[in-house]
Amino acid sequence: MKVEDVMNRNVITLKPDMTIKEATQLLAKKGISGAPVVNTEGKLIGILTVKDVLEILKEQIGGLGIYIFPTPFDFMETIPLSLPQESQKDIFKKISSIIVEEVMEKRVHYVKPEDDIYDALYLLVKKEVSRLPVIDEEKRVIGILTRSDILRALSKTSQKVS
C-alpha cells in the first residue's frame, strides 16, 4: 500500500509570517495538534506543533525563575501553578506575538506519495513524530500522513483478509 492511498489530501497549512496566536487558533479550530509550514508557493519549509508552543511557554515561565519538574505521577495529577495575573498576561502576550518562522521545526521529515506506508510508519516511529507531510517533486505539500491514517488503513486491510 502506498502513501497516496492513505494520506489526507485536505491539508491545513501555516504561513511562516503568522503569529503563534493565529497559528494556535487555527490548530484549535481544526482540532489538530500540528501542521506543515509552507511558503507562498506552497513548498514545505517547516512544521509547527503544539509541543513547540508548549516549549516556548516552558521557556517563558522558566525565565521568571519558576521551574516545573515532572514527577512519576504526572499522568495522575497536575500540580497547580500560580503566577501573578500580570505575569500571566505578559507571558501570553509575548508568546502570542512570536512569528511561526521563529519557532517552527525546520528539519522536517516527509514522505512522497509513491512511498510504502510501512516505510512511512517506520519513519514516524523512529523519528518520534506524529505526522509526515507528503510532498511532490517540487517539495509542495500535497497531503499529510498521520499515525492514525496508517492504523486505519492497516485495520481495513486486516479486516478484508479475515
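No lab work stands behind these numbers, since they all come straight from the coordinates. From a predicted model like this one, the values you see are computed outputs, not experimental measurements. Here the Cβ positions follow ideal geometry from the backbone for every residue, glycine too, while neighbour counts run over all protein chains shown.
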> Here are some pairs, K21/K51; K43/K126; K58/K89; which of them have Cα atoms lying more than 18 Å apart in this structure?
Replying inline: K43/K126
> Quick one: Karplus J couplings for segment 101-113, per residue in order, coefficients 6.51, -1.76, 1.60, θ = phi - 60°, nearest Hz, x for Gly and Pro?
Replying inline: 4, 6, 10, 5, 7, 8, 8, 9, 7, 9, 10, 10, x
> Which parts of segment 120-146 would a label at K112 reach, counting a residue when its backbone N lies under 20 Å from a point 7 Å out along Cα-to-Cβ?
Replying inline: 120-124, 132-146
>> If each residue of separation counts as 0.36 nm, what is the full-extension length gain between E138 and I98 once their alpha-carbon separation is subtracted?
In response: 11.5 nm
>> Once each part is reduced to its C-alpha centroid, what is the distance from segment 3-40 to segment 97-131 in angstrom?
In response: 13 Å
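So if each residue of separation counts as 0.36 nm, and I subtract the Cα-Cα distance between M1 and D90, what length gain in nm does that give?
Contour length minus Cα-Cα distance gives 27.1 nm.
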> Counting only the backbone N, which residues of segment 97-131 are under 12 Å from the spot 7 Å out from the Cα of S148 toward its beta-carbon?
Replying inline: 131
> How much length is gained on full extension from K15 to N39, taking 0.36 nm per residue of separation minus their Cα-Cα distance?
Replying inline: 8.0 nm
